[in-house]
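Engineer: Can you keep this structure in mind? I'll have questions shortly.
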Amino acid sequence: MNRDRHGVLSGREHELKRRDVLRFGVLAGAALAMGPAVRAEAEPRAEAELRAEAELGGAEAAAGSKTFTYTNPNWKTRVRDCQIVKLDGTYYMTGTFPPFGPQEGPSPGAKITSSTDLKNWTEPKVVVEPANWHRQLFWAPEIFPYKGKFYLTFNCPAIGAAPLKDGVDFQQSAGLAVADAIMGPYRVITQDRPLASGNDATLFLDSDGRVYLYTADGFNGRGAILCHEVDLEKGVALGAAEPAIFVGSDDDWDGGKGVGVEGPTVFKRNGIYYMLYASWHRGYEVGCATAKSARGPWTKCAGNPIYGAQDPEWCKQWHSTYAQAANIPFGQVAHGSPFFGPDERLWFCCHGIEQKGKGRDEAPHLVIAPMEFRSDASIAMQLTWTPQTVPVPAPQRDPLWRKSGSPASVGK
C-alpha cells in the first residue's frame, strides 16, 4: 500500500510519521473521481475497447477456437494489492478493498471475491472482522493453501497489543487466520498478538517444508523487505527477522528520500527463488530479486523495474525523471502476485491506476499479465490496455503449473 497522488500514507516512510498517522487515523482518500470533461474524453476509448473485445469474442466463437480475451484495467473491480488463488476452476481474489481509509468509513475487515472468468467478480465477502488489536485498515490480505487448510494473512495497526519492537507501541503488523474452506469461516490465530511487525505480509512454502513470512518494514533505519521463518499452526515467528532486500540509492528507481520497498511476493521456479516487490519513486513499479535460498542473499535484477508505470506528478513529488511513453495511460501498476492463469502459465495480478485525464477514473482496478521466463531465467511482462487474446490451453504448461493453489505454496 503506497502513497498515492492524493496523499494515501505509504506506511513505509520513517516510523514516527507512520505511527502518528495511523494512531490518529489521518489517512487521505484513495482516488478522486474525474471531472465531467475528463470523463467524457475517456469514454470513447473505453467504448472502442469493449467493441473490439466483443468482435474478438464473436470471431473466436465462429472459428470454434478456445481463447481467453481480457482488457486492462478491469473496470468491474475496485481493489488494491491484489492476490489471486485458483481452486477447482474458480479464481479467488483478495486484496485491499474499499474503504481504503477512515475517510471512506470504518473497514469491515478482510475480504475475498471469486470469479470463473477473471472478468466478472462476486461481491467481496468479509472473512475476518475487526477485533482485539486488528481493528482498522486490513491492508493487502493474502490466501495461502497449506496442508489441506487455507491461511489468510492481513495487515493492521497493532492497537493495544504488546509492542513487537522496543519503543514502538503502535505499528502496522501482520495477523494470521485459518479456515477449512477458502471462503471461510476463518479463525484468527493471532488474537492477542500479531505474527510479526511490518506490512504487506506474504507467505512462501520452501521445498524442505519450511514456511517463510516476508514483510515490508524497517531495518536499522532503512526501508526493507524482511524474512521470518514461521510456524503456521501455532501462529508464531521462529527467531529474529532477517533483511532480504533494502531500498535503493537516491538515483535508483526504488530509492530516494521517503521512498520504500513493499508488496513482496516469493515463489521458486527451476531452482531459482524469485521475489517481486513494489516501489514508488517514479509512480508504482515492480522489481525482481533472485536468490539460491529463501533466506537469501537476494540480488536485485539488472533489468529492474520489470513492470509497472510512471506518473509525472509522482516524479515531481519524489524528485525523479519521468520517462514513460505518452500513449501509456497508467501512472501506477504494481503490488500483486503470480497466479495460475487460464492458459496454464504463470500470470501476474496487481492493481493499476490511470493517470489523471487519461482514463475513466483514478481508482485502483485489477490488472493482469502473462509472465514470460526468458532463457536466462529473467522475467518479462507487458503492460497492456487494449483487448488481448491468448490461446487456451497454451502449448506447454509452466513447470510450476497445477490445477489448484498458489505458486507460493507449491513447495518445489
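Please treat every number below as a calculation from the coordinates, not as lab data. No experiment lies behind these values; they were computed from the predicted model shown.
Engineer: Starting at the first residue of the stretch 240-245, write each ³J(HN,Hα) from the Karplus equation 6.51 cos²θ - 1.76 cosθ + 1.60 with θ = phi - 60°, in whole Hz, x for Gly and Pro.
Structural biologist: 7, 6, 10, x, 9, 9
Engineer: Give a residue-ordered list of calculated ³J(HN,Hα) values for the stretch 210-227 (Karplus: 6.51 cos²θ - 1.76 cosθ + 1.60, θ = phi - 60°; whole Hz; x for Gly, Pro).
Structural biologist: Couplings: 7, 10, 10, 10, 10, 9, 8, 7, x, 9, 6, x, 10, x, 7, 9, 9, 10 Hz.
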